[in-house]
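**Q** Please read through the structure below; I'll follow up with questions.
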């Protein structure tokens with residue numbers, strides 16, 4: 001079996017180190033910088049010839065730069081002779097633009113995922129993608145890892161199931177709430193929300209949930225401005 005090399009991108013050193021230990025692979029830190037004119041530079045500082053290279057790169061902050069670095073790393077690893085190249089993205093940018101909400105818009109996540117495949121990634125592992133079905137745009141095997149078990153392990157010692165409700169801020173996040181609630185042994189529910197695609201204004205339709213005296217665990221996949229979570233609370 002080929003050796004495994006975990007290539008750590010920006011701001012994921014701890015996670016990449018843990019992954020390398022789990023896989024029995026070697027951790028390699030990427031050298032990166034930005035030139036005075038704003039162009040990005042990356043370098044993999046060791047040979048990976050014949051190895052399975054697992055690139056760990058979150059796409060936040062500076063989503064555009066991180067995406068470009070992912071593309072560049074695939075080319076660098078192929079140039080070094082990696083046998084296989086896999087991307088692991090704890091946060092997949094542009095996942096919310098998964099369809100044409102208005103005429104003339106792109107399906108941005110489709111363009112991003114196809115680009116990763118074209119750059120040389122053979123497989124992709126993402127974490128709690130906004131719409132898991134959007135991973136079908138990636139031309140190779142893909143997996144969507146749900147963090148509900150990790151969340152449940154952290155919450156188990158601090159909440160009482162009979163006094164807790166897991167709440168999703170909208171129907172789209174209901175599956176996430178259900179998965180966490182089932183692990184914690186609690187009830188779950190969701191709030192009804194409408195977002196104006198032109199103005200971005202969010203309004204909530206009343207929904208009956210018995211929350212008085214309960215501990216509420218709000219669960220969602222992305223927090224951008226925090227507005228949805230704040231209004232839900």
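The values are calculated or read from the model by the stated rules, or taken from the named source; none is laboratory data. The model shown is predicted, which means the values in this text are computed figures rather than measured ones. All Cβ positions, glycine included, derive from the backbone under ideal geometry; neighbour counts span all protein chains shown.
**Q** Looking only at residues that are at pLDDT below 95 and within 21 Å of residue 80 (Cα to Cα) in segment 1-32, which one is surrounded by the fewest Cβ atoms within 10 Å (Cβ to Cβ)?
**A** If we take residues in segment 1-32 being at pLDDT below 95 and within 21 Å of residue 80 (Cα to Cα), then 1 is surrounded by the fewest Cβ atoms within 10 Å (Cβ to Cβ).
**Q** Looking only at segment 95-152, count how many residues are free of Cβ contacts under 8 Å to residues at least 60 places away in the same chain, out of contact with any helix residue (DSSP H, G or I) (no Cβ under 7 Å at 6 or more places or on another chain), more than 25 Å from residue 19 (Cα to Cα) and surrounded by 14 or more Cβ atoms within 10 Å (Cβ to Cβ).
**A** 2
**Q** If you don't mind, another one. Would you mind listing the strands (runs of 3 or more DSSP E) fully within segment 156-233 where at least 3 residues are buried (at least 19 other Cβ atoms within 10 Å of the Cβ) and within 25 Å of the chain's Cα centre (by Cα)?
**A** On the way: elements: 164-168, 187-190, 192-195, 202-205, 215-218.
Once the strands (runs of 3 or more DSSP E) in segment 156-233 are filtered for at least 3 residues that are buried (at least 19 other Cβ atoms within 10 Å of the Cβ) and within 25 Å of the chain's Cα centre (by Cα), what remains is 164-168.
**Q** Is it fair to say residue 89 is in the same structural domain as residue 25 (by TED's automatic domain parsing) and surrounded by 14 or more Cβ atoms within 10 Å (Cβ to Cβ)? Lay out the reasoning, then the answer.
**A** Details: in the same structural domain as residue 25 (by TED's automatic domain parsing): yes; surrounded by 14 or more Cβ atoms within 10 Å (Cβ to Cβ): yes.
Taking the combined requirement at face value, the residue satisfies it.
**Q** Yes or no: residue 40 within 12 Å of residue 7 (Cα to Cα) and either outside the structural domain of residue 9 (by TED's automatic domain parsing) or more than 19 Å from the chain's Cα centre (by Cα) (or both)? Talk me through it step by step, then tell me what you get.
**A** Numbers: within 12 Å of residue 7 (Cα to Cα): no; either outside the structural domain of residue 9 (by TED's automatic domain parsing) or more than 19 Å from the chain's Cα centre (by Cα) (or both): yes.
Here the answer is no, as residue 40 does not meet what is asked.
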